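Undergrad: First the structure, then my questions, so here it is.
Read the figures in this text as sums done on the coordinates, not as results from a lab. Note that the structure is a prediction, hence the values are computed from the model and not measured. So basically every Cβ, Gly included, is an ideal-geometry build from the backbone, and we count neighbours across all protein chains shown.
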Amino acid sequence: MTFGDRLSALRRASQHTQEQLAELLEVTRQSVSRWESGLAYPETEKLIRIASLYGVTVDYLLTGKDSPAERQHPSRRWHYEYVSRRKIGNLPLVHINIGIGFYRAKGFFAVGNLSAGVFSAGLLSAGLFSAGILSLGLLALGCLCLGVFAAGTVAAGLIALGAIAVGMFSMGAVSLGGFSFGALAIGKYFAMGDYAAAEIALGVTHAEGALYASASGVKNTYAFDFAAISRLLNESVPAVWRMFADWSLAICRGAA
C-alpha cells in the first residue's frame, strides 16, 4: 500500500471528500488528488497536519508501519469534523470540528472546541452570536462571557446578566455597573437590591446613596419616593445612558 492509498483510506474512513480535505489543509483539490494518485507528495508541514487530523503518525503515512499503541490512538482520541461545501464569502457555511483535544472550527456556523464564526459554539467561542464555556461576541452566552449583551455564570458587557454581572446595565446575585440590580448591587447611577450602593440606592437591608438612599428593612419590600427618583435620574444621568435610566424606572414602578 502506497502513501496515496493510505491517505485515501484515511480520508474515506473519516467521510471526507477530496474537497473537504483540501479545505482543511488549505490546498487545492487537485493537490489532494495528486497525492492520492502518487504523482506528488505533501510538504512536511502538511504531513504533520494530516497525521494529526487522522490520529496516526507521520511514519505510518510514509511507511505503513505502526505500533499497537499507535493503532489504538484514533479510538483513544475521538474526533469528528464536517465542513460544508457551500460557502459564504471565504467561510464555509457550516464547520463542525470537535473531539478530545483542541480542534478549531471556523465558519458562518461554527461548532468546535475552539470556534469562530457569525454563529459559534464551543469550549472557547468567538462570534457575533457565541455560546461556550468561555465566549466572546455581540451576544455572548456561557460560563465566562464578554459581549455587548452577555449572560452567564460570570458575565461582562454593556448589558450583563449572571450570578456575577458587570456592565452598564447589570443584573445578578453580585451586580456591578452603571445601573445595578441584585442581592449585592453596586452602581454608578442607580442600584437596587438587598444591599445597594450608588448615587441613587434602593435597598432592603442596607442602602447607601449620595443623592438618594432608602432601605425598607422589610424582606422583599422596597420603600421609596418614585417621583423623587425619577427627577434625580433625569438630572444625574447623561443622555447617552437615558435608556437604562428608563429601564430602571420601569423596574421601580413594578416594585412599588
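Undergrad: If we count other beta carbons within 10 Å of each Cβ, what is the order of SER170, SER248, SER216, SER37, fewest first?
TA: In order of increasing Cβ crowding within 10 Å: SER37, SER216, SER248, SER170.
Undergrad: In a Gaussian network model over the chain where Cα atoms closer than 10 Å are linked, find which of TYR189, TYR80, TYR60 has the largest mean-square fluctuation.
TA: Of the options given, TYR60 has the highest mean-square fluctuation.
Undergrad: Compute a Gaussian network model of the chain, connecting alpha carbons closer than 10 Å, and tell me which residue from ALA121, ALA163, ALA51 fluctuates the most.
TA: ALA51
Undergrad: Also: Rounded, prolate or oblate: which one fits the range 147-256, using the alpha carbon gyration tensor with axes a ≥ b ≥ c (rounded when a/c is under 1.5, else prolate when a/b beats b/c, else oblate)?
TA: On the way: a/c = 1.92, a/b = 1.22, b/c = 1.57.
Since a/c reaches 1.5 but b/c is at least a/b, the shape of the range 147-256 is classed as oblate.
Undergrad: Please report, in debye to the nearest 20, how large the charge dipole of the range 59-188 is about its Cα centre when each Lys and Arg carries +1 at its beta carbon and each Asp and Glu carries -1 there.
TA: Dipole magnitude for the range 59-188 comes out near 260 debye.
Undergrad: Nothing charged except the Cβ atoms of Lys and Arg (+1) and of Asp and Glu (-1): what's the magnitude of the dipole of the range 142-255 about its Cα centre? Round to the nearest 20 debye.
TA: Around 140 debye, computed over the range 142-255.
Undergrad: Further, regarding this structure: Counting Lys and Arg as +1 and Asp and Glu as -1, each charge on the Cβ, what is the dipole of the chain about the Cα centre in debye, to the nearest 20? Present the calculation step by step, with values, prior to reporting the outcome.
TA: Details: 21 positive and 17 negative charges, 148 e Å.
About 720 debye.
Undergrad: Indicate the gyration tensor shape class of the range 1-128 (rounded, prolate or oblate), computed on the Cα atoms with a ≥ b ≥ c the square roots of the eigenvalues: a/c under 1.5 is rounded; otherwise a/b larger than b/c is prolate and the rest oblate. Working shown, then result.
TA: Details: a/c = 2.62, a/b = 1.46, b/c = 1.80.
Oblate shape, in that a/c is at least 1.5 and b/c is the bigger or equal ratio.
Undergrad: Separate question: Modelled label-to-label distance, GLU43 and THR28, 7 Å Cα→beta-carbon offset: nm?
TA: 1.5 nm
Undergrad: If neighbour count is taken as other Cβ atoms inside 10 Å, put ASP194, ASP5 in order from fewest to most.
TA: ASP5, ASP194
Undergrad: Between the range 35-52 and the range 211-256, what is the separation of their alpha carbon centroids in Å?
TA: The range 35-52 and the range 211-256 have Cα centres separated by 66 Å.
Undergrad: What percent do you get for the relative contact order of the range 5-48 when only Cα pairs under 8 Å and 6+ apart count?
TA: Rounded, it is 29 percent for the range 5-48.
Undergrad: Ranked by Cβ crowding within 10 angstrom, fewest neighbours first, how are ILE88, ILE229 ordered?
TA: The order, fewest Cβ neighbours first, is ILE88, ILE229.
Undergrad: Going Cα to Cα from LYS87, which lysines come in below 16 Å? Please leave out same-chain ones fewer than 8 positions away.
TA: LYS106
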